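The next block holds one structure in the form of structure tokens; read it before the comments.
Values quoted throughout were computed directly from the atomic coordinates according to the rules given, and no laboratory measurement underlies them. Nothing here was measured: the structure is a model prediction, and the numbers come from that model. Glycine also receives a Cβ, built like all others from the backbone with ideal geometry; neighbour counts cover every protein chain displayed.
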Amino acid sequence: MKIKHSLFNRREFLNWLLGGWVGVFVVSLVSPIAKFIFPPYQEPDKVALPLVDFKDLEPGALKNFPWGAKPAFIRKNGDGSYLAIVGVCTHLDCNVTYLADQKKFFCACHDGWYDENGLNISGPPPRPLRKLRADVDGENLVVKKEGVA
Amino acid sequence: MILKKSALSVKTWFEDRLGLSVVLDFMRKKKVPQNKHTPWSYTGSAILLFFMIQVITGIMLAFYYKPTLGEANKSVARIMTEVPLGWIIRSIHFWSATFMIAFVFVHLFSIWIIKSYRKPRELTWMTGAFLLLFSLAFGFTGYLLPWDDLSLSATKVGTDIPNAIPVVGKIFTKLLRGGEDITGDTLSRFFTLHICLLPLALLLILAIHFYLIQKLEMSLPWRDEGKKEELKELPFWPNFVCREMIVWLILFGVLVTVAVFLPPSLGKAADLMAAAPKGIKPEWYFLFLFQTLKIFPAKILFIDGETLAVLLILAACVLLLFLPFIDNKPTERKGKIITGLAFATIAYAVLMSIWSLLT
């Protein structure tokens, strides 16, 4: 079928061509900038800690260690196994503190409370504190994200 | 249809409040004279291109750079090795600075030789002289920031030069260094100058420079002033702007190519107690001044040689600033002596730089 009037006249075609070309050019400038401004930080998959630092913990006692750029705690369970808890409030990302006398985690930002297992019990926190696996491996205590072999 | 209508009403809403149509009309009607000197009018816009690249890449680098004794060199090393595309952003910042200064010099001498600074454009020239000063200050302060042994030595020498000026020199050196010696305070001071004070100062003067160029229009070569009607002109929009874009694209391509193949080096972190490394030289745009200072003997008659050299350089700067008042001839005069002086200055700078590179 032959169309009497062209859908696109020459001017329109050239405008779209030029505009598209300018658009692609701008994207090619902006994308490396976007790439640059996000620093290459990644949460660690696992952290190896010397076991000697944690061996002598009383059952139920906590000791802190850095999980990447976040504070975290190692707790020795009653059966001698270990548990790692990330000490960051699940409400709005504040660092929590452990109150040993009450056996509770406390977030001062918005009065959030967690019990000794990291379960949210009072205040605004929507979820329990994040837990990590902590296994003894020879001389080390290896903390891993869930799902990392 | 509705889209077009609402776009139009948004447009009128802003127009009622901002009244930008005056500016747009001005741009639409603006004409650029076309003659054999027209290519030189692209040098100004080339400077603008490189300046904008400096602003963007500079802000980006400042995201990761840390201006402290312990961290400065390390943070630049991190930008070069760890930050995604960091090496090329730093390389572009480095080369764009070089290109910008190069075009500042070309712009300066082209205006000088065409004599566009003559009445009524004296203030345009003088603001331009300040822009030259700020550009060099940008280069000088930026050179210290990677904090390697080369940049430390160059800054030591550079900030010691004002010391030779009688009476006020010592205070000026102290002001630059933030104390008697170069310390961590010098570094944070240079960083603040480089990313805060100089950009503000430059933008202010640049605004005046631009306003004057629009108000007074492009100058015409000496023999054509006064018979404007018969001369060829080019509409600013879109003809001239499109041509400028072509020039910008080419320059940008050259810049990125150079930046990819010749990234700047980073020496080991500066040690304030270490001896100066061999063969320190300033950036190429300071070489002719460096060599001028070097060739003066320690004593000339009873005056200190360095003092004399610094005073002569200062006098030359003042003469450059007041060039429109030294050459205040009417525009139709050719001014061969002034042209000769321009070429003599270029020859001097080039010869001194080559001499400095060879020794």
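For an R0 of 30 angstrom, estimate the FRET efficiency from the Cβ-Cβ distance between A:Gln102 and A:Lys46 and round to the nearest 0.05. Efficiency, rounded to the nearest 0.05: 0.45. Close amide-amide hydrogen proximity is noted between A:Phe65 and A:Ala72, A:Phe73, A:Ile74, each under 5 Å apart and 5 or more residues distant or on a separate chain (H modeled in the peptide plane; Pro and chain starts excluded).
Take A:Phe65, B:Phe94 and order them by how many other Cβ atoms sit within 10 Å, fewest up front.
By the 10 Å Cβ count, ascending: A:Phe65, B:Phe94.
Give me log10 I(q)/I(0) at q = 0.10, 0.18, 0.20 Å⁻¹ for the range B:112-261, Debye formula, one equal scatterer per alpha-carbon, no solvent. Results for the range B:112-261 at q = 0.10, 0.18, 0.20 Å⁻¹ read -0.58, -1.16, -1.26. Each of B:Ile250 and B:Leu48 was given a label point 7 Å from its Cα along the Cα-to-Cβ line. The distance between the two points is 1.8 nm. Here the dipole of the protein assembly as shown is about 2260 debye; that uses its Cα centre as origin and unit charges on the Cβ of Lys and Arg (positive) and Asp and Glu (negative). What the phi angles of the range A:13-22 give under the Karplus curve with 6.51, -1.76 and 1.60, with θ = phi - 60°, is a coupling list of 4, 5, 4, 5, 4, 5, x, x, 5, 4 Hz, glycine and proline written as x.
Using alpha carbons only, the radius of gyration of the range A:46-144 set against its Kirkwood radius gives Rg/Rh = 0.97. Percent of C-alpha pairs per 5 Å bin in the range B:274-348, short distances first: 3, 12, 15, 19, 17, 14, 10, 6, 3, 1, 1, 0.
Using the Cβ-Cβ distance between B:Ile313 and A:Phe13 with R0 = 51 Å, the FRET efficiency computed as 1/(1 + (r/R0)^6) comes to roughly 0.30. Here the dipole of the range A:46-144 is about 300 debye; that uses its Cα centre as origin and unit charges on the Cβ of Lys and Arg (positive) and Asp and Glu (negative). Residues whose amide H falls under 5 Å from that of A:Tyr82, counting only those 5 or more places apart or on a different chain, are A:Asn77, with hydrogens built in the peptide plane. Mean residue ellipticity, 222 nm, helices only, chain B: the sum of -39500 (n - 2.57) across DSSP H runs of n ≥ 4, divided by residue count and rounded to 500, is -21500 deg cm²/dmol.
Projected over every direction and averaged, the convex hull enclosing the alpha-carbon atoms of chain B yields 23.6 nm². Ordering B:Trp95, B:Trp355 from the fewest to the most neighbouring beta carbons within 10 Å gives B:Trp355, B:Trp95.
Summing +1 for each Lys or Arg and -1 for each Asp or Glu among the other residues whose beta-carbon sits under 13 angstrom from that of B:Lys174 gives -1. Put simply, when B:288-297, B:274-283, A:7-16, B:161-170 are sorted by average Cβ atoms within 10 angstrom per residue, most first, you get B:288-297, B:161-170, B:274-283, A:7-16.
Between the residues B:His107, B:Met80, B:Met218, the greatest Cα displacement towards the positive end of the dipole of the protein assembly as shown, with unit charges on the Cβ of Lys, Arg, Asp and Glu, is found for B:Met218. Counting only other chain Cβ atoms within 10 Å of each residue's Cβ, the peptide A:28-35 averages 3. Pairwise Cα separations in the range B:27-116 fall into 10 Å bins from 0 onward with the following percentages, short to long: 16, 33, 24, 16, 10, 1. Once backbone amide H atoms are built at 1.01 Å from N, A:Leu141 has A:Leu49, A:Leu51 as its partners under 5 Å, excluding neighbours fewer than 5 places away on the same chain.
Remark: the B:Thr345-B:Gln34 segment gains 109.2 nm on full extension, using 0.36 nm per residue and subtracting the alpha carbon distance. Cβ crowding within 10 Å ranks B:Phe51, B:Phe261, A:Phe25 as B:Phe261, A:Phe25, B:Phe51, fewest other Cβ atoms first. Scaled to the globular estimate 2.2 N^0.38 Å, the Cα spread of the protein assembly as shown, given as radius of gyration, is 1.35.
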